[in-house]
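One structure is given below, encoded as structure tokens.
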Amino acid sequence: MKKRFTYMAAALLIGLPAAAQETYENAKIATEDLNGTARYVGMGGATDALGAEISSIGSNPAAIGLFRHSKVEGSAGMVTQQDAADYSRGDATNLSFDQIGVVWSKQTGERSFLNVAFNYHKSRNFDFILSADDKLNAASQNKLTYMKHWNFMLYNSDFDGNVIFDRPYITCNQLDDIYMRNLLPAAGDGKYYFYEASLYDFDRAHSGYIGEYDFNVSGNIDDRVYLGLTLGIHDVHYHHSGDYTEAFNPNPENIETMNVWDNRKITGTGVDLKLGMIVRPIEYSPLLIGASVSTPTFYDLTTSNYTEVSDGNATVWAKEPYDFKLYTPWKFGLSLGYTVGQFMAIGAGFDYADYGHMDTRVNDGGSYDYYDYYESSSSDDDMNDHTKEYLKGVSTVKLGVEVKPIPEIALRAGYNYVSAMYDEDGYKDGTINSYGTSFASATDYTNWKSTNRFTLGVGYKFGRANLDLAYQFSSTSGKFAPFMNYVDNQYVDYDNVVNQVTVNNKRHQILCTIGYTF
């Protein structure tokens, strides 16, 4: 490499105001897992209308209104990823503390109760190892940078140095900045070229969680109508660390490989409000019908990264933290519950949220009055347009059954289906005029397809105590690409196209809940 390869590089936009995040990163924060008590998981989450289940506090708050006794429960278990690649930065099997909650039930009339509840559960478990490799056929990450910027974007000039003012602006991300300022080799006449690659290898370990703290008040009207309200506080702890390596085709400087190590964290908090209702339409029938609505989760987040790019001889780095806001979409739910004496309970549920309407927001700054600091924000319209185009409405179907062959033993089974969030033609667009693109330090993306979850469970009640176990298998696949395609246009006469490869996320969860009724 040239001497200037040894220089250190920081992001191009250091010092700019706080920014907005990017569609694919935001999607990780906005979604949820099936998790909670072993009974809830064992029935596929289909307890929203059946009620008297503490883990339904966040999906239908009215479910807490069916408790007739106070109760405390705690849950923990283990999650393991099937067929995970051996990667030193991550573990395929992890222990997990998943839930703890308490319900206080107070009878206020002959057929009326007022219940107050608190529940913590891990709504998102990020533990996951993502691995992929494939041929590149002369494409490369630094070639993408060259095509995006040097030929016709970064300095708005042509090959002869003539300034062109009518070309569209395309954002430079952190990797573009590293490549352009330090790594793309000079031909000796002030012009630059790039390295073509033959193949790539990618490994990344994701870890962390979103903890949800739910506070609920609920009650009933004449044992026919149940109402509930839940305030949710979300605590985000996301981390990924990964390696991306390209093997270069023969080149004049004999550079064999380029490695990118990216380490990113996202932390912050969010708040939402959920309303729920359950109705027994026929007085002496066990049929229950539930409905719920949840406001967006209003997240206030901070993301930070440390990224290194190296050819084995020298290293260039970039790092930058920034703050942003994310508002997830509204969520709506309908549910049914039916019991057969004390022998059987059947539940079904349907939830819907349109993730194309997530609102990625830029922090515009703030002002002080005599007592407080007030911060304002505005929608990142360009990034939101990208989100609207490539993220879809998601439907979740929940089915579950519980059978008690004897009063002390409960056998459970469930199925949980989540439709695909991502458009199959979606991609991480590194040309969007957005701070979220400017501060990006990774170019890869995955268009995940639908998720299928199959669950089993068993419970044993002894006196006032209960012990429950559940098993969950979840499976989803997706199409992975290390970077976006960039094709021939009026400024360049070559393409930079990469194939998408199939990746899978198959997870096994074992969950144990211990509870006590008082």
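Just a few scattered comments:
- Residue check, Y390 among the aromatic types (F, W, Y), in contact with a Ser or Thr (Cβ under 8 Å, 6 or more places away or on another chain) and surrounded by fewer than 17 Cβ atoms within 10 Å (Cβ to Cβ): no
- Matching entry among G51, G109, G58, G77 (being farther than 25 Å from R507 by Cα and either at pLDDT 95 or above or touching a helix residue (DSSP H, G or I) at 6+ places or on another chain (Cβ under 7 Å) (or both)): G51
- Residue match in segment 290-300 (condition: open to solvent by 40 Å² or more (accessible area, probe 1.4 Å), under 22 Å from the mean Cα position of the chain (by Cα) and either among the hydrophobic types (A, V, I, L, M, F, W, C) or under 18 Å from S140 (Cβ atoms) (or both)): yes
- When segment 318-332 is limited to residues that are under 20 Å from the mean Cα position of the chain (by Cα) and in a strand (DSSP E or B), the one that is surrounded by the fewest Cβ atoms within 10 Å (Cβ to Cβ) turns out to be F332.
- Scope segment 282-323; condition out of contact with any strand residue (DSSP E or B) (no Cβ under 6 Å at 6 or more places or on another chain) and not polar (S, T, N, Q); matching residues: I282, E283, Y284, G312, A314, E320, Y322
- A Cβ distance below 9 Å, combined with a sequence gap of six or more or placement on separate chains, defines the contacts here; from segment 325-342, residues that are in contact (Cβ under 8 Å) with a residue 40 or more places away in the chain reach residues that are open to solvent by 70 Å² or more (accessible area, probe 1.4 Å) and in a loop (DSSP other than H, G, I, E, B) in the pairs Q342/P407.
- For segment 186-208, filtered to residues that are out of contact with any strand residue (DSSP E or B) (no Cβ under 7 Å at 6 or more places or on another chain), on the phi < 0 side of the Ramachandran plot and of a type outside the set (D, E), the residue that is modelled with the lowest pLDDT is A187.
- Screening segment 333-369 for residues that are among the charged types (D, E, K, R) and farther than 26 Å from P286 by Cα and picking the one that is farthest from the chain's Cα centre (by Cα) gives D369.
The rows are residues; the columns are (1) closer than 30 Å to S70 by Cβ; (2) in contact with a His (Cβ under 8 Å, 6 or more places away or on another chain); (3) of a type outside the set (V, I, T).
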site	(1), (2), (3)
L411	yes, no, yes
K428	no, no, yes
Y435	no, no, yes
A440	no, no, yes
T451	no, no, no
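- Which numbered condition N162 fails, given (1) of a type outside the set (D, E, K, R); (2) at pLDDT below 80; (3) within 28 Å of the chain's Cα centre (by Cα); (4) surrounded by fewer than 19 Cβ atoms within 10 Å (Cβ to Cβ): (3)
- A314, sole failed condition from (1) open to solvent by 20 Å² or more (accessible area, probe 1.4 Å); (2) at pLDDT below 95; (3) hydrophobic (A, V, I, L, M, F, W, C): (1)
- Hey, D262 open to solvent by 20 Å² or more (accessible area, probe 1.4 Å) and in a strand (DSSP E or B) or not: no
- Hey, D351 open to solvent by 70 Å² or more (accessible area, probe 1.4 Å), within 29 Å of S419 (Cβ to Cβ) and either of a type in the set (D, E, K, R) or assigned to a loop (DSSP other than H, G, I, E, B) (or both) or not: no
- Single condition Y368 does not satisfy, out of (1) at pLDDT 95 or above; (2) over 25 Å from K265 (Cβ atoms): (1)
- Among the residues listed as N452, N499, N466, the single one being in a strand (DSSP E or B) and either in contact (Cβ under 8 Å) with a residue 60 or more places away in the chain or open to solvent by less than 30 Å² (accessible area, probe 1.4 Å) (or both): N466
- Within segment 246-262, restricting attention to residues that are of a type in the set (S, T, N, Q) and in contact with a Ser or Thr (Cβ under 9 Å, 6 or more places away or on another chain), the residue that is nearest to Y193 (Cα to Cα) is N249.
- Which listed residue is within 30 Å of K143 (Cα to Cα), over 16 Å from the mean Cα position of the chain (by Cα) and open to solvent by 50 Å² or more (accessible area, probe 1.4 Å), from Y306, Y244: Y306
- If you filter segment 49-72 down to residues that are under 24 Å from the mean Cα position of the chain (by Cα), open to solvent by less than 10 Å² (accessible area, probe 1.4 Å) and not aliphatic (A, V, I, L, M), you find that the one that is farthest from F454 (Cα to Cα) is P61.
- Matching residues, segment 413-439, being in contact with a Lys or Arg (Cβ under 9 Å, 6 or more places away or on another chain) and open to solvent by 20 Å² or more (accessible area, probe 1.4 Å): Y415, Y417, V418, S419, A420, Y422, D423, E424, T431
- Strands (runs of 3 or more DSSP E) completely within segment 32-128 that count 1 or more residues being without any contact (Cβ under 8 Å) to a residue 40 or more places away in the chain and aromatic (F, W, Y): 93-109
- Test: residue in segment 441-449 that is more than 30 Å from N363 (Cβ to Cβ) and either among the hydrophobic types (A, V, I, L, M, F, W, C) or open to solvent by 10 Å² or more (accessible area, probe 1.4 Å) (or both): yes
- Residue check for D91: of a type in the set (D, E) and either open to solvent by 70 Å² or more (accessible area, probe 1.4 Å) or touching a helix residue (DSSP H, G or I) at 6+ places or on another chain (Cβ under 7 Å) (or both): yes
- Here D425 fulfils each of the conditions (1) more than 17 Å from the chain's Cα centre (by Cα); (2) in contact (Cβ under 8 Å) with a residue 40 or more places away in the chain; (3) more than 25 Å from Y193 (Cβ to Cβ) apart from (2).
The values are calculated or read from the model by the stated rules, or taken from the named source; none is laboratory data. A quick note: this is a predicted structure, and the numbers were derived from the prediction, not measured. Cβ coordinates were reconstructed from backbone atoms using ideal geometry, including for glycine residues, and neighbour counts include every protein chain displayed. Surface accessibility is based on the protein's heavy atoms, side chains included, excluding ligands, DNA and RNA. Shrake-Rupley method; radii C 1.70, N 1.55, O 1.52, S 1.80 Å.
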